[in-house]
Amino acid sequence: MQNLRWVFQLFIILPAGLLFSQSLAQTDTPPACSALDRTALLSFKASIFKDTTGILSSWVGTDCCGAWDGVECNPETGRVTSLQLQRPERDNALYMKGTLSASLGNLQFLEALVISSMKEIRGTIPESFSKLAHLNQLYLENNMLEGSIPSSLGELPSLKALSLSGNRLQGQLPPSLGHLTTLLQMNVGKNLLTGAIPPTFRNLHTLQSLDLSHNLLSGSIPDFVGQFQSLTLLDLSNNQFSGQMPISLCNLYNVMDMSLEHNNLTGAIPSQIGNLKSLSSLSLSHNFLTGHIPESIVRLRNLWHFNVSRNGLSDPLPAALAKGTHSILSIDLSYNNLHLGTVPDWVRNTGLTAVHLAGCNLKGSLPIFTKPDSLSSIDLSDNSLTGGIGHFLTNMTGLQKLKLSNNMLRFDVSDIVLPDGLSSLDLHSNQLYGSLSRLLQNNTSSFLEVLDLSSNRITGGFPEFSAEIGLKWLDLSRNQITGEIPGSISNLNALVRLDLSRNQIKGIIPSSLGQLRGLAWLDLSINVLSGKIPDSFIGLGGIKHASFRANMLCGQIPQVRPFNIFPPVAYAHNKCLCGKPLPPCKGRN
């Protein structure tokens, strides 16, 4: 779900007095910052013992209204009305470390409190925040706050937006939050909350956005959620909700985005789903839904994203879909009880951006899409597709992800001509053959990050790797690759995962492999590698998994973490490896 903060700001109406005061001509010198508010802010600053954002370094002197970053005041009274401390999302080096001071509850005229994405602000939410009688926006998201949500937050009479997402909050949702009858947005997603949705939440009639996702909430989805007629976003995904999908949800005529995925819902998708005329995105994947996809789905003229994957839905698909869809751009029917046989014509002939039909019992050759340039993601894995690659990729100029794994495709990997923008290619568990040279030299997209060709019949040796290849994941395991690992493997400096296991690779492990400092997974097991594990591997301190099992390696294992603490099986069945975690080396290696 997208962060709705900026969207939500369109809905919040600033207090009339504030707008009026800001429109007055400022002929007099603005009053000084309130001493009471300045003291409260300095107490908060004292509770932050590390600030790499540099924001609090401006909090010096007495003019907290005009010179302190993140602080805004009423220009007539000098009282603090807004405290907004936000870290740029893409700069992980910036953060604040400390706790939330209870002194912030003394900012009597505070209307907006935003402390967001500071990463290392810990501790609990102070009970004193219940004294902020004028507060209408409270954003404490993407920090490391702990404990429970204070029930006293239900005493904030003016609150319109509450977001506590992305923390480590535990316990149940306080029933007192149901007293916030003016609330427009509630987001407590990405925490560790448990229990059911309190019955008192039926009072939240003004809600426009409700996000409880990525918690451990359980019980049934209450019928009263269908009474929130102003709701435009409903995200209850990634919880443990059970029971049937309430028919009342089909009364949410204004909802545009609904996600109930990754729960334990059972029963059928209500036939009344076609009443949701404003719906643009519907995600019901990873549940236990059964029955058919309702015919009424074709009445959703604004629906562009439809995901019902990993349920128990059965044939047939709605007949009206054969007449074409009006708005759907992304469809995922994967892993149900569908027996499609072939990719439906309405899928092949519509300008879709994403087609995911994994595990849908497809047979025959790869389909030809009549509007290939619109496609960005295709998943036809775990089917019974046969034949070659042919012209399948022709004119797929916008394709970014392609997954055709676990089929019965048979062709020379040299025949693959990758689209320029492709970032992920998964062809594992087919019957591919030929050499890697052409694919990894001439045909490799400069954007390619994931390449999985494992469990095929690929032969020959390795090509020299170019520095222009940006691979992060390379899996060539379970093939018949021979020859030596080239020293140019160090050119794959973005590599995080490398799996070359179960081939016939010989020669030594090149020391240049130790230059891949970002490597987290390395598997060279069941080959014919000889020599020693290079000393350069000492620099691979971030590696989480490594296996050198069943080769002809000899010599001392690098005696540094993590290599000396991996389980002994990672080094088993070699010629003469020694040193922790194996027995000590004796004499000359």
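The values are calculated or read from the model by the stated rules, or taken from the named source; none is laboratory data. These figures come from a predicted structure and were not determined experimentally. Counting neighbours? That spans all protein chains shown, and the Cβs are built from the backbone with ideal geometry, glycine included. We work out accessible area using only protein heavy atoms, side chains counted, and drop any ligands, DNA or RNA first. Shrake-Rupley method; radii C 1.70, N 1.55, O 1.52, S 1.80 Å.
Residues that are touching a strand residue (DSSP E or B) at 6+ places or on another chain (Cβ under 6 Å) and at pLDDT 95 or above do not occur anywhere in segment 510-520. Of the set (1) open to solvent by 70 Å² or more (accessible area, probe 1.4 Å); (2) at pLDDT 95 or above, all apply to Leu338 but (1). For segment 138-159, the count of residues that are in contact (Cβ under 8 Å) with a residue 60 or more places away in the chain and open to solvent by 10 Å² or more (accessible area, probe 1.4 Å) is zero.
Screening Leu451 against (1) within 24 Å of the chain's Cα centre (by Cα); (2) at pLDDT below 95; (3) not in a loop (DSSP other than H, G, I, E, B) leaves a single unmet condition, (2). Out of curiosity, is Val569 surrounded by fewer than 22 Cβ atoms within 10 Å (Cβ to Cβ) and more than 27 Å from Gly461 (Cβ to Cβ)? Against the criterion (surrounded by fewer than 22 Cβ atoms within 10 Å (Cβ to Cβ) and more than 27 Å from Gly461 (Cβ to Cβ)), Val569 qualifies. Of everything in segment 207-247 that is part of a loop (DSSP other than H, G, I, E, B) and open to solvent by 50 Å² or more (accessible area, probe 1.4 Å), the residue that is farthest from Ser278 (Cα to Cα) is His214. Taking the condition out of contact with any Phe, Trp or Tyr (no Cβ under 9 Å at 6 or more places or on another chain), open to solvent by 40 Å² or more (accessible area, probe 1.4 Å) and of a type in the set (A, V, I, L, M), does Val417 pass? Here the answer is yes, as Val417 does meet what is asked. Within the set Leu366, Leu425, the sole residue that is at pLDDT 95 or above, buried (at least 17 other Cβ atoms within 10 Å of the Cβ) and closer than 15 Å to Val343 by Cβ turns out to be Leu366.
Conditions (1) under 28 Å from Leu357 (Cα atoms); (2) modelled with pLDDT of 90 or more; (3) among the acidic types (Asp, Glu), marked per residue:
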position	(1), (2), (3)
Ile389	yes, yes, no
Ser405	yes, yes, no
Gln431	yes, yes, no
Asn442	no, no, no
Ala467	no, no, no
Ile485	no, yes, no
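Apart from one condition, Ile331 fits all of (1) more than 23 Å from the chain's Cα centre (by Cα); (2) surrounded by 18 or more Cβ atoms within 10 Å (Cβ to Cβ); the exception is (1).
Exactly one residue out of Ser547, Ser525 is over 18 Å from Thr482 (Cβ atoms), in contact (Cβ under 8 Å) with a residue 24 or more places away in the chain, small (Gly, Ala, Ser) and surrounded by 20 or more Cβ atoms within 10 Å (Cβ to Cβ), and it is Ser547.
So, Arg478, is that one assigned to a loop (DSSP other than H, G, I, E, B), charged (D, E, K, R), open to solvent by 10 Å² or more (accessible area, probe 1.4 Å) and within 24 Å of Arg561 (Cβ to Cβ) or not? The answer is no for Arg478. One residue stands out in segment 550-563 among those that are surrounded by 14 or more Cβ atoms within 10 Å (Cβ to Cβ) and not hydrophobic (A, V, I, L, M, F, W, C): the one that is nearest to Val528 (Cα to Cα), namely Asn551.
Scanning segment 544-575 for residues that are at positive phi and in a loop (DSSP other than H, G, I, E, B) turns up Ala550, His573. Only a single item in (1) basic (Lys, Arg); (2) surrounded by fewer than 19 Cβ atoms within 10 Å (Cβ to Cβ); (3) closer than 25 Å to Leu432 by Cβ is not met by Arg502, and it is number (2).
If you go through segment 150-182 and pick out every residue that is of a type in the set (Val, Ile, Thr) and either under 24 Å from Glu72 (Cβ atoms) or in contact with a strand residue (DSSP E or B) (Cβ under 7 Å, 6 or more places away or on another chain) (or both), you end up with 1. Could you pull out the residue among Leu289, Leu313, Leu282, Leu366 that is free of Cβ contacts under 8 Å to residues at least 60 places away in the same chain, of a type in the set (A, V, I, L, M) and in a loop (DSSP other than H, G, I, E, B)? Going through Leu289, Leu313, Leu282, Leu366 in turn, the sole match is Leu366.
If you go through segment 15-63 and keep only what is open to solvent by 80 Å² or more (accessible area, probe 1.4 Å), among the β-branched types (Val, Ile, Thr) and either at pLDDT below 60 or more than 19 Å from Asn106 (Cα to Cα) (or both), you end up with Thr27, Thr29, Val60. Output the residues belonging to segment 252-294 that are open to solvent by 60 Å² or more (accessible area, probe 1.4 Å) and in contact with a helix residue (DSSP H, G or I) (Cβ under 6 Å, 6 or more places away or on another chain). Result: Ser271, Gln272. Look at segment 409-421: where a residue is of a type in the set (S, T, N, Q) and a partner is modelled with pLDDT under 90 and open to solvent by 10 Å² or more (accessible area, probe 1.4 Å), sitting 6+ places away or on another chain with Cβ atoms under 7 Å, you get Ser414/Arg438. It is to be established whether one or more residues within segment 381-398 are farther than 30 Å from Tyr253 by Cα, of a type in the set (A, V, I, L, M, F, W, C) and either open to solvent by 70 Å² or more (accessible area, probe 1.4 Å) or outside any loop (DSSP other than H, G, I, E, B) (or both). Yes: segment 381-398 contains one or more residues that are farther than 30 Å from Tyr253 by Cα, of a type in the set (A, V, I, L, M, F, W, C) and either open to solvent by 70 Å² or more (accessible area, probe 1.4 Å) or outside any loop (DSSP other than H, G, I, E, B) (or both).
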